[in-house]
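What follows is one structure encoded as structure tokens, with my remarks underneath.
Computed from the coordinates by the stated procedures, all read-outs in this text should not be read as laboratory data. This structure is a prediction, so every number in the text was calculated from the model and none was measured. In this analysis, Cβ positions are derived from the backbone assuming ideal geometry, glycine residues included, and neighbour counts consider all displayed protein chains.
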């Protein structure tokens, strides 16, 4: 069988970030005495399980950058299909100009371990304390310890199990938002005895 020469060749582009999909999350933050703010971040991830640590990368010119740098804390709020419009809005509007909580009808929720509020409408909020800032170039990476996690009890069953995969989580890929779809496997299924 003869292979198409074009199918065997790869096209090379300028180096760039094409690691998709990624979570689209809303980061809430607040300076003492000021209104809380929200920034949308797609460059976020888990970096350690013990202690629980995460990272977010933020451009220095973003309004929330200085708030997070000065306070050393923020909340990662997971987003759902119902929150996608607000997630996008909070990523394109500046907190210098608008009150994003008010404009998107979102409710600040009191955090347990930090001063920055979470977002009540988010199914999961991770309270974070910055441990280190890595200055990288276009973005600085905030490495943070997760100090508390709050969840919306409506996603818990009568046995106390939290059904994270049933809440309609949102992902971001190459400029577009997607709802997560059908389950295609579970961790370890490739080696599980039949």
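What to note about this one:
- Ordering 26, 8 from the fewest to the most neighbouring beta carbons within 10 Å gives 8, 26.
- Helix-only arithmetic for the chain: the sum of -39500 (n - 2.57) across DSSP H runs with n ≥ 4, divided by the residue total, places the mean residue ellipticity at 222 nm at -3000 deg cm²/dmol.
- From most to least packed by mean Cβ count within 10 Å, the peptides 18-25, 184-191 give 18-25, 184-191.
- Alpha carbon convex hull of the chain, volume per residue in cubic angstrom: 186
- Computed from the alpha carbon positions, the gyration tensor of the range 112-164 leads to an equivalent ellipsoid with semi-axes of 29, 12, 10 Å, biggest first.
- Debye intensity ratio I(q)/I(0), log10, the range 32-71, q values 0.33 Å⁻¹ (C-alpha model): -1.14
- Cα radius of gyration and Dmax for the range 57-154 (Å): 13.5, 41
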